[in-house]
Amino acid sequence: MSVVPLAAAGPECGGKAHALGILLRAGLPVPDGFVVTGPVDRATLGRHLGDHPVAVRSSGLAEDSVTASFAGQYETVLGVRGVDEVLAAIGRCAAGTERGRHYREHLGLPERPIPVLVQALVAADSAGVLFTRDPRDGADAIVINAAAGPGAPVVSGAVTPDEIIVTGAGPAEFRELVALGRRCEEILGRPQDVEWAIRGDRVWVLQSRPITRLGASPGRARGPARIVCSADDFARVRPGDVLVCRTTDPAWTPLFRVAAGVVTETGGVLCHAAIVAREFGIPAVVGLGGATSRFADGTVVIVDGAAGTVTEVS
């Protein structure tokens with residue numbers, strides 16, 4: 001079957017859909033949908049689509065695993081409606097990306113198919129990411145990154161979110177979200193990285209995957225600051241440089257294979273750039289306002305991922 005209801009999703013539907021299927025079957029608030037695991041025609045797709053906008057996302061067989069998140073490495077298309085738009089979005093997600101190939105090769109992973117998840121779109125009042133352990137030191141705490149509106153700017157690092165750290169039940173306004181994160185960890189059996197959204201008085205789970213690495217990247221990085229404003233600057237980055245930018249688009253992942261460290265002006269500790277930097281073993285400092293003007297291009301700096309500091313070497 002090339003179309004599988006999300007409530008029936010198993011391992012053949014990829015990491016993202018499989019986890020959400022488990023949570024949906026356990027009664028957690030997951031937007032319903034289906035998974036496309038192979039070629040699908042217009043008539044078949046039409047039978048599964050309603051008239052509401054949907055989110056179309058990759059659910060690769062190697063994605064959202066214990067060792068590799070693929071955070072931001074594959075396509076997501078939001079707010080599409082109708083058979084033709086959804087078919088086109090499915091094609092984009094199933095095709096993979098060049099950045100995904102670089103990421104996969106860096107981690108030594110084989111190429112595998114990419115099933116595609118289609119879900120009802122949640123028009124969020126607020127959204128973000130929740131880790132059931134503090135990624136900086138592995139402490140038993142709930143770490144929440146949140147912002148008003150949809151979650152895409154939070155997970156991509158385009159904004160610097162509010163950060164809340166909860167060690168008990170938490171403030172009343174976050175109690176339901178904290179309980180939901182802990183429930184995801186209980187059901188899935190290990191610390192979780194949870195994307196969530198709130199619409200009205202309801203909290204939705206959009207994704208739950210294992211935290212791939214706890215603790216800041218080991219040691220510190222020293223090297224010349226390389227100010228990167230756009231893809232036009234990529235060729236200027238040399239091995240050992242410290243990448244300094246406003247934010248990192250997922251297409252910038254190949255630079256993580258070259259850079260000794262990463263510094264961004266926006267983003268939180270749970271954004272894609274921070275996750276991928278930890279997986280690649282390079283220190284990252286995110287949300288350092290004014291970084292691109294604070295350090296002159298070529299100035300030698302020391303990046304301390306554990307302390308969250310960037311120091312100019314005089």
Report, to the nearest 10°, how far helix 83-95 tilts away from the longest principal axis of the Cα atoms in the chain, using its own Cα long axis and a range of 0 to 90°.
50
With axes computed from alpha carbons, what is the tilt in degrees of helix 15-25 against the longest principal axis of the chain, rounded to the nearest 10 within 0 to 90?
50
If I take every Cα pair under 8 Å that is 6 or more residues apart in the range 216-284, average their sequence separation and divide by the length, what percent do I get for the relative contact order?
36
Relative contact order of the range 138-252: what whole-number percent is it, with Cα pairs under 8 angstrom and at least 6 residues apart?
19
Return a whole-number percent for the relative contact order of the range 1-79, with Cα pairs under 8 Å and 6 or more residues apart as the contact set.
34
Among [x] 19.4, 66; [y] 23.7, 81; [z] 21.3, 63, only one was calculated for this model; which label is it, if the read-out is Rg and Dmax of the Cα atoms in Å?
[x]
Quick one: helix 175-188 against the long Cα principal axis of the chain, what's the angle to the nearest 10°, folded into 0 to 90?
80
Return the long-range amide H neighbours of residue 207 (sequence gap of 5 or more, or a different chain), with a cut-off of under 5 Å between placed amide H atoms.
195
At 222 nm, what helix-only mean residue ellipticity would the chain give, in deg cm²/dmol to the nearest 500, using -39500 (n - 2.57) for each DSSP H run of four or more?
-6500 deg cm²/dmol
For the range 111-177 and the range 28-98, distance of Cα centres in Å:
20
Neighbourhood net charge (11 Å Cβ-Cβ; Lys/Arg +1, Asp/Glu -1) for residue 106
+2
Would you mind telling me which residue in 262, 300, 155 has the biggest mean-square fluctuation in a Gaussian network model of the chain, where springs connect alpha carbons within a distance under 10 angstrom?
300
Taking only Cα atoms and a 10 Å spring cutoff, compute GNM fluctuations for the chain and point out the largest among 191, 39, 153.
39
With springs only between Cα atoms under 10 Å apart, run a GNM on the chain and tell me which of 32, 137, 64 wobbles the most.
137
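No value in this document is a laboratory result; all are computed from the given coordinates. For clarity, every value in this text was computed on a predicted model and none was experimentally measured. We place every Cβ from the backbone using ideal geometry, glycine too, and count neighbours over all the protein chains shown.
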